[in-house]
Amino acid sequence: KFNPKIMFRDPVMFTVEIGTIVMLFVTIYSLSNTSQGSFLYNLTIFIILFLTVLFANFAEALAEARGKAQADTLRKTREETPARLIARSGEIVAQGEQTIASSQLRKGDIFICEANDTIPTDGEIIEGLATIDESAITGESAPVIREAGGDKSSVTGGTKVLSDKIIVRVTTEPGESFLDKMIALVEGASRQKTPNEIA
């Protein structure tokens, strides 16, 4: 955040940063020569300017780091969730069931989920009924019932099956799921400056 190329976008703080660097040299120079004022006075001015630059960037850097951490957690959830594939684009898998990474699922693939499984990607239930914990996505603590047919048949990647067994058809291509959109939103989010910071 102290990089002058980044600071240049905010002219006021860029000017303060330049002033801080100038005051550092003036403070060092005032150790041997008192023509630029006393060392203690120059040091005080330098510390005030440095703290101004530091705290102006601290909150923004913290928000950015938090956003990256959240995006990494979501990305980890997406990449490490196993999928129990039973049909690839309508064709039954030879072994009856094959465990693959959720990132390898394509639109039209069919997978199975049982109790305590995490749903690997967005899809539509084609067979079965299950209680699903969607708190990771919606924030709603109460589990919801999803079943084949009707308007309650869609499931979201990253949610957890609490009971029963469902067979799901993938409805999105890789990179287009709800989880992918959330990752893009979190990565693109930037903290807005407060009126005091703008002033």
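With a ≥ b ≥ c the root eigenvalues of the C-alpha gyration tensor of the range 1-46, is it rounded (a/c under 1.5), prolate (a/b larger than b/c) or oblate?
Since a/c reaches 1.5 and a/b is larger than b/c, the shape of the range 1-46 is classed as prolate.
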Enumerate lysine pairs in the chain that are 8 or more residues apart or on different chains, then count those whose Cα atoms are under 26 Å apart. 21
Dividing the helical contributions, -39500 (n - 2.57) per DSSP H run of n ≥ 4, by the residues of the chain yields a 222 nm value, nearest 500 deg cm²/dmol, of -13500 deg cm²/dmol
Comparing ALA83, ALA71, ALA59, which has the greatest mean-square fluctuation in the GNM of the chain with Cα pairs linked when under 10 Å apart? ALA59
Determine the gain in length on full extension of the stretch VAL26-GLU114; use 0.36 nm per residue of separation and subtract their C-alpha separation, reporting nm with one decimal. 24.7 nm
Using a 1.4 angstrom probe on the protein heavy atoms only, line up ASP117, ASP151, ASP164 by accessible area, largest first. ASP151, ASP164, ASP117
Relative to the present Cα-Cα distance, how much length would full extension add between ALA136 and VAL16 at 0.36 nm per residue of separation? 38.9 nm
Once amide H atoms are built 1.01 Å from N in the peptide plane, which residues 5 or more positions from THR159, or in another chain, come under 5 Å H to H? ILE119
Rolling a 1.4 Å sphere over the protein heavy atoms, what is the accessible area per residue of the chain, to the nearest Å²? 62 Å²
Could you look at the range 1-143 and say what percent of its accessible area is carbon and sulfur, using a 1.4 Å probe and all protein chains? 61 percent
So for the chain, taking the charge dipole from beta-carbon charges (+1 Lys/Arg, -1 Asp/Glu), which of SER141, PHE8, ALA59 sits furthest toward the positive end? PHE8
Less than 12 Å Cβ to Cβ from VAL155, Lys/Arg counted +1 and Asp/Glu -1: what total charge do the surrounding residues give? -2
Students often get this wrong, so try it: which of [x] -0.38, -0.46, -0.55; [y] -0.60, -0.65, -0.70; [z] -0.59, -0.70, -0.81 is log10 I(q)/I(0) by the Debye sum over Cα atoms at q = 0.10, 0.11, 0.12 Å⁻¹ as calculated from the structure shown? [y]
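The values are calculated or read from the model by the stated rules, or taken from the named source; none is laboratory data. These numbers come from a predicted model, not from an experiment. Using ideal geometry, Cβ is built from the backbone for each residue, glycine included, and neighbour counts are taken over all protein chains shown. Ligands, DNA and RNA are excluded from the accessible area calculation, which covers all protein heavy atoms including side chains. Shrake-Rupley method; radii C 1.70, N 1.55, O 1.52, S 1.80 Å.
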